[in-house]
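Undergrad: Before anything else, here's the structure in question.
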């Protein structure tokens, strides 16, 4: 991998200059945590680097909760998204397989992807429910994104991942250098330390074994854990890879695409009132069957990237990792 270095002060100035030609979203921190926010000049100093993870997944910037898919779109400035952790970046891999399908691609999603430059952020440290490494996803990006950013003392280090990312750096009106070996060794050590934290924090079956456990499970475990589920759909809404949606016809030949979730009552109801997911524990299990069994049969990308947001967002305090540990312990 090729690395480049910019003084932090120069990088902040470059971001302010880029705001004249780009729309920039970045991970911004406050006393409550951090999330993706639309950046204005006054916000540049609040941008967080190398801290896991924004409260909202990157999916929301590519798949709005609701949008009219028959209306004309005004021309948009190119976008830069800065500070996405690799769990979010890897989530886009599955979205790309679904929405950029050669025969049935989504033109609005395709436009957003082509119009966006992605700058991921290496994670130095973990949160309580982070478990990306359990599914062979590293806490740093080496693909899909265009650049990866590392804040080191008074410097910003970039790992160049794509030609698009390299072109952005070349366009900046500031001095760019190659970081010395000591800095790169320090960065590598931080990455290794983060991986070690993830290994110690999580003792989970891997992605493939989880699928076998879920598909071979009986109803009792799902009835047990779904007893606290209120069918709010927070887990699927916050998830980087859940993509179910409705198309709603409106007057005037308008059609609205709205995000949906298998956790809602009536999700699978059909004409005549038949509903294969009428019972709560069936709906609850359906989400895990989709992520760990059915999607792996059709797609090559992970349908769970180990971000842990579904655990954090759950009103019923349901921890999916506890389910998997129980399933693994019963084998």
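Undergrad: Report the full-extension gain for the segment residue 268 to residue 42: residue separation times 0.36 nm, less the Cα-Cα distance, to one decimal in nm. Walk me through the numbers before you get to the answer.
TA: Values: separation 226, 0.36 × 226 = 81.36 nm, distance 4.67 nm.
So the extension gain works out to 76.7 nm.
Undergrad: Using Cα centres only, tell me the gap between segment 226-280 and segment 20-88 in whole Å.
TA: Distance between centres, Cα-based: 25 Å.
Undergrad: Roughly what angle does helix 181-201 make with the longest principal axis of the chain, taking Cα atoms, 0 to 90 degrees, to the nearest 10?
TA: 20
Undergrad: Relative to the longest principal axis of the chain, what angle (0 to 90°, nearest 10) does the C-alpha long axis of helix 280-289 take?
TA: Approximately 50 degrees, to the nearest 10.
Undergrad: Would you please classify the overall shape of the chain from the alpha carbon gyration tensor, given that a ≥ b ≥ c denote the square roots of the eigenvalues, rounded means a/c under 1.5, and beyond that prolate means a/b larger than b/c while oblate covers the rest?
TA: Working: a/c = 2.23, a/b = 1.38, b/c = 1.62.
Cα axes put the chain in the oblate bin.
Undergrad: If you don't mind, there's one more thing I want to ask. Hey, what's the Kirkwood Rh for segment 207-329 if you take every pair of different alpha carbons, in angstrom? Let's see the in-between values first.
TA: On the way: mean 1/r = 0.0645 Å⁻¹.
About 15.5 Å, per the Kirkwood formula over Cα pairs.
Undergrad: Among DSSP beta bridges whose residues both lie in the chain, state the antiparallel percentage, nearest 5. Working shown, then result.
TA: Values: 30 of 42 bridges.
The antiparallel fraction comes to roughly 70 percent.
Undergrad: Per the helix-only calculation at 222 nm, which mean residue ellipticity applies to the chain, given -39500 (n - 2.57) for every DSSP H run of n ≥ 4 and division by its residues, nearest 500 deg cm²/dmol? Before the final figure, lay out each step's value.
TA: Values: 12 runs with 114 residues, N = 331.
Value at 222 nm, helices only: -10000 deg cm²/dmol.
Undergrad: Here's another thing I want to ask about it. Using the Cα gyration tensor of segment 83-224, with a ≥ b ≥ c the square roots of its eigenvalues, what is the shape: rounded (a/c below 1.5), prolate (a/b larger than b/c) or oblate (neither)? The partial results should precede the final answer.
TA: On the way: a/c = 3.30, a/b = 1.34, b/c = 2.47.
It comes out oblate by the Cα gyration axes.
Undergrad: Going by alpha carbons, how many degrees (0 to 90, nearest 10) lie between the helix axis of 86-99 and the longest principal axis of the chain?
TA: 60
Undergrad: Which residues does a label at residue 279 reach in segment 204-233, if reach means a backbone N under 15 Å from a point 7 Å past the Cα toward the Cβ?
TA: It comes to 217-227, nothing else.
Undergrad: Take peptides 306-313, 173-180, 247-254, 10-17 and line them up by average Cβ neighbours within 10 Å, highest first, as a rough protection proxy. Each step should come with its number before you reach the end.
TA: On the way: 306-313: 22.4, 173-180: 11.9, 247-254: 9.0, 10-17: 17.1.
Those peptides, ordered most packed to least, come out 306-313, 10-17, 173-180, 247-254.
Undergrad: Got a sec? How would 70, 56, 194 order by Cβ neighbour count within 10 Å, fewest to most? Don't jump to the answer; show the numbers that get you there.
TA: On the way: 70 12, 56 19, 194 23.
Going from least to most buried by this count: 70, 56, 194.
Undergrad: What FRET efficiency comes out for residue 66 versus residue 185 if R0 is 51 angstrom and r is the Cβ-Cβ distance? Round to the nearest 0.05. The partial results should precede the final answer.
TA: Working: r = 47 Å, r/R0 = 0.93.
The value I calculate is 0.60.
Undergrad: I need the shape label for segment 3-95. Rule: rounded when a/c is under 1.5, else prolate if a/b > b/c, else oblate, with a, b, c from the alpha carbon gyration tensor. Let's see the in-between values first.
TA: Details: a/c = 1.79, a/b = 1.30, b/c = 1.38.
Since a/c reaches 1.5 but b/c is at least a/b, the shape of segment 3-95 is classed as oblate.
Undergrad: How many percent of Cα pairs in segment 50-157 exceed 16 Å? Provide the component values of the computation, followed by the final result.
TA: Working: 3594 of 5778 pairs.
Pairs farther apart than 16 Å: 62 percent.
Undergrad: Also, quick follow-up: Assuming R0 = 41 Å, can you tell me the calculated FRET efficiency for the pair residue 206 and residue 3, based on Cβ-Cβ distance, to the nearest 0.05? Can you show the working numbers first?
TA: Numbers: r = 31 Å, r/R0 = 0.75.
The computed FRET efficiency comes out at 0.85.
Undergrad: With all distinct Cα pairs included, what does the Kirkwood hydrodynamic radius of segment 247-309 come out to in Å, to one decimal, could you say?
TA: On the way: mean 1/r = 0.0711 Å⁻¹.
For segment 247-309, the Kirkwood estimate is 14.1 Å.
Every number in this text was worked out from the coordinates using simple rules, so none of it is lab data. Please read these numbers as outputs of a predicted model, since none were measured by experiment. Here Cβ is always computed from backbone atoms with ideal geometry, including for glycine, and neighbour counts include all displayed protein chains.
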